[in-house]
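Down below is the structure, laid out as structure tokens.
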Amino acid sequence: MRRAAGLALYVALLAGIALVLLWYRGDFLPCRGERTSTLELEGTEVTLALRDASFTAAASDTVLWQSAKNIRVQDFLSFDIDRDGTAELVLLAWRRGNYGPSRPFWVARNDTGWSQHIFIYNWQDGAPVPQWMSSGLRPQVSRWAAQPDGQLYILTPQGEKTLWRWGQWGLVRTDL
Ligand SMILES: [Ca+2]
């Protein structure tokens with residue numbers, strides 16, 4: 001009887017460790033989407049692809065850019081979010097720690113939980129260059145979509161429908 005209880009405890013402990021490892025790797029994040037689209041970039045057709053929580057931009061078979069290994073990409077959009085006439089790349093991504101390596105000086109310690117972020121890049125010489133990186137999103141994004149007028153529609157996990165546009169520096173809510 002005691003041996004059976006000991007074994008059950010051991011199995012539960014192993015399962016617990018496995019769950020923690022999967023969480024640490026981000027396996028429970030909603031990053032299972034898979035899709036591609038194309039973008040015309042200075043006369044070259046670029047393929048944008050999301051797969052295994054990683055984003056890749058490629059021309060023919062040459063990879064131009066790939067998302068960093070330490071982020072998990074949930075989705076991407078390609079549209080003119082700042083209304084300057086050219087499309088930006090917008091990633092919805094998760095990473096551990098709210099701020100990444102360059103945290104503000106008043107934040108003594110980065111947290112280690114997964115947080116959701118919006119990263120906006122503009123294209124320069126065939127590669128996305130960071131334009132704006134949000135800190136951890138509150139509220140989070142359950143679904144999103146680019147609107148024809150350049151606004152960003154965001155559905156929160158709580159079911160709230162919101163609209164955002166690019167302001168002077170960052171996204172500004174417009175539906176309130
Ligand atoms: Ca633009």
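Could you work out how far the C-alpha centroid of the stretch 114-156 sits from that of the stretch 49-66, in angstrom? So the separation of the two Cα centres works out to 18 Å. Within the stretch 24-74, the GluC sites (Glu not before Pro) that combine a DSSP coil assignment with at most 12 other C-beta atoms in a 10 angstrom radius are Glu34, Glu42. Applying the criteria of a DSSP loop state and at most 15 other Cβ atoms within 10 Å to the chymotrypsin sites (Phe, Trp or Tyr not before Pro) of the stretch 123-176 yields Trp169. Multiplying the residue separation of Asp175 and Gln124 by 0.36 nm and subtracting their alpha-carbon distance yields 15.2 nm. Spin-label model, Leu29/Thr44: points 7 Å from Cα along the beta carbon direction are separated by 2.8 nm. Angle, helix 2-25 long axis vs. longest principal axis of the chain, Cα atoms, 0 to 90°, nearest 10? It works out to around 10 degrees.
The region of the chain that goes longest without hitting one of the trypsin sites (Lys or Arg not before Pro) in a DSSP loop, each with at most 16 other Cβ atoms within 10 Å, is 110-176. The eigenvalues of the Cα gyration tensor, multiplied by 5 and square-rooted, give the chain an equivalent ellipsoid with semi-axes of 35, 20, 16 Å from largest to smallest. At a Förster distance of 22 Å, what's the computed FRET efficiency of Val20 paired with Arg51, Cβ-Cβ distance as r, to 0.05? That gives a FRET efficiency of 0.30.
A short reminder: the numbers here are calculations on the coordinates, not readings from a lab. Everything numeric in this text was worked out from a predicted model, so none of it was measured. For neighbour counting, all protein chains shown are included, and Cβ atoms are generated from backbone atoms with ideal geometry for every residue, glycine included.
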